[in-house]
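Following: one structure in structure tokens, then a few remarks.
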Amino acid sequence: MELNKIKTIGFVLTLTMVFISTISAQPAKYRNAIFLHQSTGNAYWYGTDAWICTMGSAPSCNAIVNLPVQLAIYNKQYGLKGTDSCKLSHAAAPVTGGSPLGAENSIAYWYGTFTRASGYESQYTALHAYRSTYSVIVIKECYAWYNYDTDGKLTTDIARARVITDSMKQYPGTFWVWWTPASHHYTQLNTTSAREKHFADWMKDTLAAGLDLYGAFPKNIFIFDYFNYSSDSLGEMLRPFECCSTACGVPYDSHPNCDAVNALTPIMINEWFGASRYYENIHIANEKTHGMPRNLKMAFHATNPWDMARADLVIGWIQDSVKLAEAKAYNSNNYILPTRDLWGGGAFAGESFTGRLHAYRTFNASGGVINYGSNPQSNWSMYCSTYASKGRFIEYEPDSAFDMIQNTLFDGWHSDNGNIPAFSLPPDWDRNGVTDDNYTITSRSLAGWNTHARNYRRNYGGGSSLAGGDTSLNQKLILRWTYYPYYNCDTALKSWINGWGIENPTGSNTAGTGNGWDNATGNPFASLLSMTRNWDRVATYKPSFFYMTVIMDDSRGDMCDRDSLMKARWALGMWSLTKIYGTLHDDDATGMDHSSWVWYDEMESELGQMNPDTVYRLSSLGNYVWVAFYDSGAVIFRSGEDYATAATRTVSVSDISGLYGYAGPYYHPWGNQDTIRNNGQQFTSVVLRAKTGGTSAVPYRGDAQFLFKHRDTLITPVIVDNALYPTSAQCQPATMVGFSVDVGADNRTPATTYTNNPATSGIYLNPTYSDACWQTTGTPWPQVYRQHYAAGSGSPTTETATATFVPKLNRTGYWSLYRWNGYRGINSGDYAEAESTKCTISRANGDTVVYIHQDENIGQWNLVGTFQYTSGQSYPVVLSNINVPTNRYVLADAWMWVWGYGADISPPEEPPIAPTLNSPCGSSGVPIKPTFYWNQSLNATSYRIQVSEYPSFAINVIDVSGITVTNYTPLINLGNSTIYYWRVNASNAYGTSDWSGTCTFETISTEVTIRKYLIIKKP
């Protein structure tokens, strides 16, 4: 769900790649299991069918194995001893007898347990208590006495199974073994074996295969197909496995006999623990579950936490650690890494950003300091001078960084230190007047890189193997920015870091490597693919992955790049095929880059993981076209090298249906930005374009198509901001008349942070909306200013300022409208914001006027209402300062439209949302018979209003329901000079909403009322 887009004048492509691998501390073991079952499970646990008939008395026959015996055989067979051995306990389930949705351990029972339905509270508690003790939970399920006599029952259980799957997925620290149901003897109550078999086959062959509409099947669940192991082709229990009269004296029983136990117990143990031990190899405790595409946010000046939380990987300045921590609270499943600074090596105590300690600067052979821009570059070689007790830069800098951040909160550290300090002149590391190396490896530079990285690993998760390591910080990420391939740093650093980055990996930056993004190879995408795979193979910490940025440069003059959906697909396809974390963002002529990003519909995709069998064997169709298959879909990618000879290339279903990993049919997504390409139709063919890139760095660009196993809706929120950068693709920023830039909101003030050195850190206090950086002093960059303000007109008839926000909505249907604003100035309370700002909202069925309270709920999205729109039309939202007091300020910040559902779809069968109140609100001098106004609640058929002198509404002077309009005038007079509270809720056939927020007002005094009466009646 995202936003942000940047208009791009021209096009400069910068690929920034950092190769990340999640730290490989000792992986968790999944070998301690509990088997939850009832009678059928007892047969396998005790190894006798007589248990079934005699309820535990002397058995008449015994199996030669049971689950505990077979587990001992398994451990011995695989040499598993002590803590490495597999263990299995068992317990009865359900905990109690009959339950509201289903007795025994039917799927209805497990559905009630996982959802904590009424009557299942004790079962829910027991299940999650097992999770705290056992890493593997085996769930046996059966039909019990449930007669599958209708298709409706089958459909209900399929829906329940999807809910159970999603519940299990939420606990990746538990490995779940889930049985398909037990089969029935052909003469028992359930005579609908075909439906039973359909359900079991669906669990194993559709749900578990990721082919169901549920989507990608979670890796922490294994479906054990007991049904088909124990039944024939008709779905009836195998006759040789029946517990019948020869053993029990009870004919036609569906419980297993000794033959079944002997045959199936070895299969159970081998499959259960084979699957759980395999999960050990693919699951790391702190690894985030990020499918493709993977989205990166580089926030080198803090943005709002909501915006950062949309990304899978966030890299932000340590000075903004409060904002980073808030983003972590929004989304705990992303990686958030603080960094010290960009390019300059960071400021230590007692020095400024540009005032690098003399001992730590890099010089050239002539004695001059080597800078990048105005920033002195750090000397990371073994020959760096020492500074007091701090040692060399490569020793002190990792220690300093480690001491600055509260490490337990974040996922590691991103170091900007160490970019090559030889942009124009080669270095003289030891300051002896002789150049030490010139874009070639020497022991001086290489050893410095290695030592620097080793010291980071020592601090950030080296464990006991390195002196000074902190074992509590194992599994922290360490990323480094910018290592260039010509230094072969992958060789030097593979044992210490998780990832490394490349800025502008083109031309001379990749010369001589043979595996960089180098057009001279004739096949840059293949080179990039080779580079990512190479790091994945050689890096110590697994699994490895990268990040890169595609920058749209506003200084180049190509305004259309910002809205180039083709370029967006190309970049998304590129990093999806190479498993890279990526971002699309803007640069401008002032040098601001790596901060503001652009969001497209395809970035909402959740393709899941690449088919593991195709990770190293992407299918090539020739002509620079590749195909990759994922859990939930596929990507067809054209890199575009052949743009000069073929502007378009067509790929059809016949081209991909025979490829390894194909699991079609596939569907186009259903989107808003490109309704022609993303039309929701079944895939038959697609035309992929290619064109010149316009720069020597990127001489071409290609195209891609995302496909899905089901018709997925990919509609990213549409945001229109007061500034260009945060405004969505295809939209323009707000048009303002009479508004001024809020320069005061731009100040940065030291504050308590999530660092151990708060004196050198700070945050932007004013939570206005921005996805980009802003300056700390002076006039903000016009593209990234935070908000505008206008003083109230002071008149109910005069309007002196307006701000107009126009979205690009290409899908007809219902969109929910949200607003965002901060406050005027540096600190809250410096100025007074408008209590009731007039807002005219255009929609398909006419305009509506609402009044918003800009002095409440700042720094967050606030729902204004849900409205119907028709595609292709202009529907502005207009803010006005009319009737706002002159000492209060109207704020123009961001507005967001979020897709709800199509106009061709019936409204949801659910209660309406709570209305929002308009007036009176915060007013005094209100007439004693006022008219109350509130905003429409979508799908509401009636409203209820309460008015009280008590904020708790313990006693109400007005309590009226059944109101069918959005206003109400009472039949009685209220008291004079009295403070009242009022609220409204909404109802329809499906229920009643929560109460709205509460507004308060004070009625006019008696004296004023009399005077008005006398004036009116005066002859």
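Give me a count of the residues in segment 979-997 that are surrounded by 15 or more Cβ atoms within 10 Å (Cβ to Cβ), not in a strand (DSSP E or B) and not hydroxyl-bearing (Ser, Thr, Tyr).
So the count comes out to 2.
Report whether or not Thr753 is under 26 Å from Ala892 (Cβ atoms), touching a strand residue (DSSP E or B) at 6+ places or on another chain (Cβ under 7 Å), modelled with pLDDT under 50 and part of a loop (DSSP other than H, G, I, E, B).
no
Which ones in segment 635-663 are under 17 Å from Leu529 (Cα atoms) and not in a loop (DSSP other than H, G, I, E, B)?
Selection gives Val635, Ile636, Phe637, Arg638.
When you scan segment 150-172, how many residues do you find that are of a type in the set (Gly, Ala, Ser) and either surrounded by fewer than 16 Cβ atoms within 10 Å (Cβ to Cβ) or touching a Pro at 6+ places or on another chain (Cβ under 8 Å) (or both)?
Number of matching residues: 2.
Determine if segment 802-810 includes at least one residue that is out of contact with any Pro (no Cβ under 7 Å at 6 or more places or on another chain), within 14 Å of Leu879 (Cα to Cα), open to solvent by less than 40 Å² (accessible area, probe 1.4 Å) and not acidic (Asp, Glu).
There is at least one residue in segment 802-810 that is out of contact with any Pro (no Cβ under 7 Å at 6 or more places or on another chain), within 14 Å of Leu879 (Cα to Cα), open to solvent by less than 40 Å² (accessible area, probe 1.4 Å) and not acidic (Asp, Glu).
So in segment 341-386, with the set limited to residues that are of a type in the set (D, E, K, R) and open to solvent by less than 10 Å² (accessible area, probe 1.4 Å), which one is modelled with the lowest pLDDT?
Among them, the one singled out is Arg356.
Please identify the pairs in which a residue from segment 898-915 that is within 18 Å of Asp712 (Cα to Cα) has its Cβ atom under 7 Å from the Cβ atom of a residue that is among the β-branched types (Val, Ile, Thr) and modelled with pLDDT of 60 or more, counting only partners at least 6 apart or on another chain.
Taking only residues 6 or more apart or on different chains, the pairs are Trp899/Ile715; Gly900/Thr866; Gly902/Thr812; Ala903/Thr812.
Within segment 65-98, which residues are modelled with pLDDT under 90, of a type in the set (S, T, N, Q) and more than 37 Å from the chain's Cα centre (by Cα)?
Those that are modelled with pLDDT under 90, of a type in the set (S, T, N, Q) and more than 37 Å from the chain's Cα centre (by Cα): Asn66, Gln77, Thr96.
Is it the case that some residue within segment 268-279 is over 22 Å from Phe227 (Cα atoms) and modelled with pLDDT under 85?
Checked against the condition, which is being over 22 Å from Phe227 (Cα atoms) and modelled with pLDDT under 85, segment 268-279 yields at least one hit.
Scan segment 635-649 and give yes if some residue there is farther than 24 Å from Ala216 by Cβ, buried (at least 24 other Cβ atoms within 10 Å of the Cβ), out of contact with any Pro (no Cβ under 9 Å at 6 or more places or on another chain) and modelled with pLDDT of 90 or more, otherwise no.
Yes, some residue in segment 635-649 is farther than 24 Å from Ala216 by Cβ, buried (at least 24 other Cβ atoms within 10 Å of the Cβ), out of contact with any Pro (no Cβ under 9 Å at 6 or more places or on another chain) and modelled with pLDDT of 90 or more.
Just to be sure, is His414 modelled with pLDDT of 70 or more and surrounded by 16 or more Cβ atoms within 10 Å (Cβ to Cβ)?
When the stated conditions are applied, His414 passes them.
Can you pull out every residue in segment 674-706 that is among the charged types (D, E, K, R), open to solvent by 10 Å² or more (accessible area, probe 1.4 Å) and modelled with pLDDT of 90 or more?
Asp674, Arg677, Arg689
Could you tell me how many of the residues in segment 883-899 are of a type in the set (D, E, K, R) and open to solvent by 10 Å² or more (accessible area, probe 1.4 Å)?
1
Considering (1) open to solvent by 40 Å² or more (accessible area, probe 1.4 Å); (2) free of Cβ contacts under 8 Å to residues at least 24 places away in the same chain, say which one Glu799 fails and leave the rest.
Only one criterion in (1) open to solvent by 40 Å² or more (accessible area, probe 1.4 Å); (2) free of Cβ contacts under 8 Å to residues at least 24 places away in the same chain is unmet by Glu799, namely (2).
Could you tell me whether Lys204 is at pLDDT 85 or above and either open to solvent by less than 10 Å² (accessible area, probe 1.4 Å) or in contact with a Gly (Cβ under 9 Å, 6 or more places away or on another chain) (or both)?
Here the answer is no, as Lys204 does not meet what is asked.
So for segment 219-228 (the condition being at pLDDT below 90, of a type outside the set (Ser, Thr, Tyr), under 22 Å from Phe708 (Cα atoms) and open to solvent by 10 Å² or more (accessible area, probe 1.4 Å)), does at least one residue qualify?
Yes, the conditions are met somewhere in segment 219-228.
Kindly indicate the residue of segment 853-882 that is free of Cβ contacts under 8 Å to residues at least 40 places away in the same chain and crowded, with 17+ Cβ neighbours inside 10 Å and also farthest from Trp899 (Cα to Cα) among those meeting that condition.
My answer is Asp855.
Within segment 836-852, work out how many residues are open to solvent by 60 Å² or more (accessible area, probe 1.4 Å) and either among the polar types (S, T, N, Q) or over 14 Å from Val877 (Cβ atoms) (or both).
Number of matching residues: 1.
The values are calculated or read from the model by the stated rules, or taken from the named source; none is laboratory data. Everything numeric here is computed off the predicted structure, so don't read it as measured data. Glycine also receives a Cβ, built like all others from the backbone with ideal geometry; neighbour counts cover every protein chain displayed. With ligands, DNA and RNA removed, areas are computed over all heavy atoms of the protein, side chains included. Shrake-Rupley method; radii C 1.70, N 1.55, O 1.52, S 1.80 Å.
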